[in-house]
Amino acid sequence: MSSLSRELVFLILQFLDEEKFKETVHKLEQESGFFFNMKYFEDEVQNGNWDEVERYLSGFTKVDDNRYSMKIFFEIRKQKYLEALDKQDRAKAVEILVKDLKVFSSFNEELFKEITQLLTLDNFRENEQLSKYGDTKSARNIMLVELKKLIEANPLFRDKLQFPTLKTSRLRTLINQSLNWQHQLCKNPRPNPDIKTLFVDHNCGQPNGARAPSPATNPLMGGMAKAGGFPPLGAHGPFQPGPPPVATALAGWMANTAPAPHPAVSAGPIGLGAATSTAALLKRPRTPPNVSTVDYQSADSDLLKRARAIGPSGDEVSYPGPNLPQALYSQDDLPKSVARTLNQGSAVTSMDFHPVQQTILLVGTNVGDIGIWEVGSQERLAIKNFKVWDLGACTMPMQAALVKDPGVSVNRVIWSPDGSLFGVAHSKHIVHTYTFHNNELRQHLEIDAHVGGVNDLAFSKPNNQLCIITCGDDKTIKVWDVLTGNKQYTFEGHEAPVYSVCPHYKENIQFIFSTALDGKIKAWLYDLMGSRVDYDAPGHWCTTMAYSADGTRLFSCGTSKEGESYLVEWNESEGAIKRTYQGFRKSIMGVVHFDTTKNRFLAAGDEFLIKFWDMDNVNILTTIDADGGLPASPRLRFNKEGSLLAVSTSDNGVKILVNADGLRMLRTFENRTFDAARVPQDTKVGIVNQIAAVTMPVGQTVGGSDRVVSTVSMVLNGVDSRSAGDKTRIADDTVDKSKNWKPTEVNEPGQCRSLRLLDSLPPSKVSRLIYTNSGVAILALASNAVHKLWKWPRTERNASGKATTNFPPQLWQPASGILMTNDISDTNPEDAVPCFALSKNDSYVMSASGGKVSLFNMMTFKTMTTFMAPPPPATFLAFHPQDNNIIAIGMEDSTIKIYNVRVDEVKSTLKGHQKRVTGLAFSHVLTVLVSSGADAQLCVWGTDGWERLKSKFLQLPPGKVPSSLAETRVQFHQDQVHFLVVHETQIAIYETSKLDCLKQWVPRESLSAPISHATYSCDSQLIYTSFLDGAVGVFHAASLRLRCRIAPSAYLPSSSVHPLVVAAHPSEPNQFAVGLSDGGVQVLEPLESEGKWGTGPPAENGSASNAPSVVTAGAAASEHNPR
């Protein structure tokens, strides 16, 4: 049935109700299954019309659809049975017992026996659990309260409890409009048409030129209000209005969600007493495997899928014995009592309960340890200290990070959905997976997953193939095969380290939500087509996302850098915040962590407490301190049923909190350790056997082809500067290869692709050069203070419109013909130090050439504003990465001004250099600003208080005396932890926190001229370096060894011309441009047949030399990306 047909049913329901066809209305509600009339249902229950109650329910759910449905039918049939006993109608009671209640015996035989024994009592109130049973009317009313809660919580009734908001007699109005339209089409319309039927189209039979009346006044089918008719907006009527239906699609968020990977028992158990949500004592797998949820169609669907929603594989339903009557989802359902204390020995950073054996707890710590506990017996089943399984197979950045700082913490631990293995995300590069079977813990995969920290990890099952999803400091999300460790997808698009991932699915659509440290939320499909959404998370910093256990509600919790915490529920169909939960206070003591349970409760660790909310109420439900000893922001995790809650403590331990069912569960297992026989057979033979079938050795380290094993030290010209005795032994054949290897020489124009950009403006040497962030244009600032912008047109041959050497760009100017020319005041621009910075969206450029700083509109070239008049003049400009209104301005007088453009105010003045400032670079990961000056000094400033954290002078090569005007430039690696230093005497790689020089290269041999400029490629794998003799060197960024030398004869028109500046394309790593001393701009690319500049040099140990990046300091991940 199409979506319009579905809406027609609602119109017919309204019409039938207005016409008082009451029985037909409810029959259509039941047969269509579109609208559950709660008022009608209540009336039938209160009247004891049990057959009609079950018949009406059958249009929406069956007894075995899910635990909510089973509990609904049980409560109804139990009430019917008790009423028969109360009337002393034993025959009726026996009939109900056999025909209606026996179906539940297969799930809880003891309960069925106890129900049967009620037949032997003269008054069933003699049973302790039923002693409070009153009269029939009050019992029905009490049951109705519980039934309404169960129905509202049941996902099968989602969007079926509210009738769409409709104007009165909407169907009549539509027919009126149709008739008016038909009447207007009549060749000879009558002024007063006589319409006697709707079965055929209307047509006037005699000439008349009058126009038809408007639909608003036409009485063709005037609907007459009937006495006692249903008021559409009534609060208690059968068609209660609700929000209009929203088309569910990827318009913003993704709707029609399905169960999430961390499910919990959501409906309470059945028993003789009133409904409760106590945990299971008797478990039995109920639902068939591999059956996915079928949701109702979105507005553009062709068919309405009416199939019943079946729970996910492995779901269980539980039925304990009789319980005292209590309200469903009361505070007693929350695990609040401390039952166990575990001593892990190190600060706990992450926890996860086993999805099947729910008393098994996996723990990760701040020193890299992992432990597995049976919390019932308080026995630690396994412990593993962090170590790299195969150091020789790890990348050089990974090894370097460990040598610099061997400390590694665990950012995330998580079980696979069936509990046969688990994954561990570490703060340095690596993901480990282990199998856990028959109490035996075995290494499975070691994946060098990300450059920097691996911030989160999750399991997902796209295309029915289990995989691992990771995210990290390198701003990427990656998907890995769980069996082989092969990388399947890499998702790029975040502009900051990715902090968390949340995979999910709806119907057949698999997707991943991700959050980054700049507060951006993105969603990805498994198609490499880029992010589907881009929203801002409250707090704009550390945010995690999670679905409710049934997958129908999405929540996020995050903390800002200022210490403000936010817990919100999202409206998935609109990508907007639905509600914000109250109860947080500003704190600078850590990031708040949260979890969900029972499709009803939220919990968060804050202010040395555990705070609980009802999902439907923004106010705090309750708080507990777990008998004290909690850290400021404790980690926490519910088990699947929500009967246990693990909470980290400040003394390196874990407290296990329980409710009544959790306590019974722990007592059941307190003298038993993990028994593999308790795991369902299909779980044991699934992933474990698949892993065993893979030919890869256990513990194999996995990663891309870009692996280098190396030791770390001060490296000069790509050669380890330590004594030979300290070096790793290198095989003879590797030494031979290293000796025989030579960088590629590009000496002729035919050996590369080169394009000189056409220029009709007066020539003046190029002082600054940059690609636009979109990669479709190049912007140059000449020494005469004039800007030049070249744009590549989008054509059939260049569909992307990206910069390329294959097609020449156009020197672009607006229709007004004006030029972007900097203010020069009374200075000679040729003597000034030009500088500029481009906004992220390429909308405007900030620039100076010795005079005021100008802000230009890149579309119109108009000057938007000027500020910071000299003296002293600005010598370097940099936008703050999180706020384009904040600008760091290096000055001629050696100071740095932190300037707010919006309020036209200098916020801070930083003093530390001795000569003019020539370089500035922000790290949004480390929240620092690195500056460099003509004094060859490097300074690190904290961006929170703008205090100087560290400073150091460059290590100048022996015998090299720089000129007095030599500039020092800095540029951050894409890991935002290391940075490139460019000076006429060297290029060098520095680590930020300690300002240690990790590698250095100085001009020599074929590249012996002073360096004019250098820059990273867009992926930070290469460094393009220009020299004053016209040569260009392409260096391997990880080792600073030369890959390719481009001679001046290969691209320059004259030997008297040389490059002054270099710019790298923002998305093509092998394309760069140089700004020349004659005013020209040259774009260079390798030959298409080559695809890249030269070949990588052999690594020191003979491994592949294409290391992904420079050394990474792993400490940054744990310090600046708090979990």
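The values are calculated or read from the model by the stated rules, or taken from the named source; none is laboratory data. All values derive from a computational prediction rather than experimental measurement. Reconstructed Cβ throughout: ideal geometry from the backbone, glycine too, with neighbour counts over all protein chains shown. We work out accessible area using only protein heavy atoms, side chains counted, and drop any ligands, DNA or RNA first. Shrake-Rupley method; radii C 1.70, N 1.55, O 1.52, S 1.80 Å.
General observations
- Those residues of the range 772-798 which are touching a residue at least 24 places away in the same chain (Cβ under 8 Å), part of a loop (DSSP other than H, G, I, E, B) and over 18 Å from Asn822 (Cα atoms), in sequence order: Thr772, Asn773, Ser774, Gly775, Val776
- Of all positions in the range 946-961, none carries a residue that is open to solvent by less than 10 Å² (accessible area, probe 1.4 Å), in the same structural domain as Thr895 (by the TED database) and either at pLDDT below 95 or closer than 30 Å to Glu748 by Cβ (or both).
- Residue list for the range 377-426, filter: more than 23 Å from Asp975 (Cβ to Cβ) and within 26 Å of the chain's Cα centre (by Cα): Val413, Ile414, Trp415, Ser416, Pro417, Asp418, Gly419, Ser420, Leu421, Phe422
- Strands (runs of 3 or more DSSP E) fully within the range 836-932 counting 2 or more residues that are hydroxyl-bearing (Ser, Thr, Tyr): 844-848, 863-867, 895-900, 905-911, 917-923
- The condition of being surrounded by fewer than 19 Cβ atoms within 10 Å (Cβ to Cβ), farther than 17 Å from Ser556 by Cβ and modelled with pLDDT of 90 or more holds for only one of Ile588, Ile620, that being Ile620.
- Single condition Asp975 does not satisfy, out of (1) in a loop (DSSP other than H, G, I, E, B); (2) at negative phi; (3) open to solvent by 30 Å² or more (accessible area, probe 1.4 Å): (3)
- Of all residues assigned to the range 381-391, none qualifies as being touching a helix residue (DSSP H, G or I) at 6+ places or on another chain (Cβ under 7 Å) and of a type in the set (S, T, N, Q).
- Test result for Thr895, without any contact (Cβ under 8 Å) to a residue 24 or more places away in the chain and open to solvent by less than 50 Å² (accessible area, probe 1.4 Å): yes
- Subset of the range 390-406 that is open to solvent by 40 Å² or more (accessible area, probe 1.4 Å) and of a type outside the set (Asp, Glu) - its residue that is farthest from His426 (Cα to Cα): Gly392
- Selection within the range 766-825 - surrounded by fewer than 16 Cβ atoms within 10 Å (Cβ to Cβ) and more than 27 Å from Pro1069 (Cβ to Cβ): Gln813, Pro814, Ala815, Ser816, Gly817, Ile818, Leu819, Ser825
- Pro417 open to solvent by 10 Å² or more (accessible area, probe 1.4 Å), within 29 Å of Glu991 (Cβ to Cβ) and in a loop (DSSP other than H, G, I, E, B): no
- Residue match in the range 91-108 (condition: closer than 30 Å to Glu572 by Cα and not basic (Lys, Arg)): no
- Asp842 vs. criteria touching a Gly at 6+ places or on another chain (Cβ under 7 Å) and of a type in the set (Asp, Glu): no
- Residue in the range 898-929 that is farthest from Glu967 (Cα to Cα), counting only those that are surrounded by fewer than 21 Cβ atoms within 10 Å (Cβ to Cβ) and of a type in the set (Lys, Arg): Arg902
- Flag if Gln30 is assigned to a helix (DSSP H, G or I), touching a residue at least 24 places away in the same chain (Cβ under 8 Å), farther than 17 Å from Leu150 by Cα and touching a Gly at 6+ places or on another chain (Cβ under 6 Å): yes
- Index of the failed condition, Val906 passing every other in (1) over 18 Å from Leu995 (Cα atoms); (2) in contact (Cβ under 8 Å) with a residue 24 or more places away in the chain: (2)
- The range 68-94 - residue that is out of contact with any helix residue (DSSP H, G or I) (no Cβ under 8 Å at 6 or more places or on another chain) and not small (Gly, Ala, Ser) and, of those, most open to solvent (accessible area, probe 1.4 Å): Lys87
- Hits in the range 1012-1035 - residues which are open to solvent by 10 Å² or more (accessible area, probe 1.4 Å) and of a type outside the set (S, T, N, Q): His1013, Cys1018, Asp1019, Leu1022, Leu1028, Asp1029
- From the options Lys788, Lys802, residue that is among the basic types (Lys, Arg), at pLDDT 90 or above and under 13 Å from Asp759 (Cβ atoms): Lys788
- Selection of first residues in the range 125-140 that are surrounded by 11 or more Cβ atoms within 10 Å (Cβ to Cβ) and of second residues that are polar (S, T, N, Q), restricted to Cβ pairs under 8 Å at least 6 apart or on distinct chains, gives the following pairs, ordered by first then second residue: Arg125/Ser131; Gln129/Asn323; Ala139/Gln79; Arg140/Gln46; Arg140/Gln79.
- Failed condition for Arg637, given (1) open to solvent by 10 Å² or more (accessible area, probe 1.4 Å); (2) more than 16 Å from the chain's Cα centre (by Cα); (3) over 19 Å from Thr349 (Cβ atoms): (3)
- Answer residue from the range 826-856, given it is surrounded by fewer than 16 Cβ atoms within 10 Å (Cβ to Cβ) and among the polar types (S, T, N, Q) and is modelled with the highest pLDDT among those: Ser839
- Residue that is at positive phi and surrounded by fewer than 23 Cβ atoms within 10 Å (Cβ to Cβ), where the choices are Gln465, Gln378: Gln378
- The set of residues in the range 526-551 being of a type outside the set (D, E, K, R), open to solvent by 20 Å² or more (accessible area, probe 1.4 Å) and in contact with a helix residue (DSSP H, G or I) (Cβ under 9 Å, 6 or more places away or on another chain) consists of Tyr526 alone.
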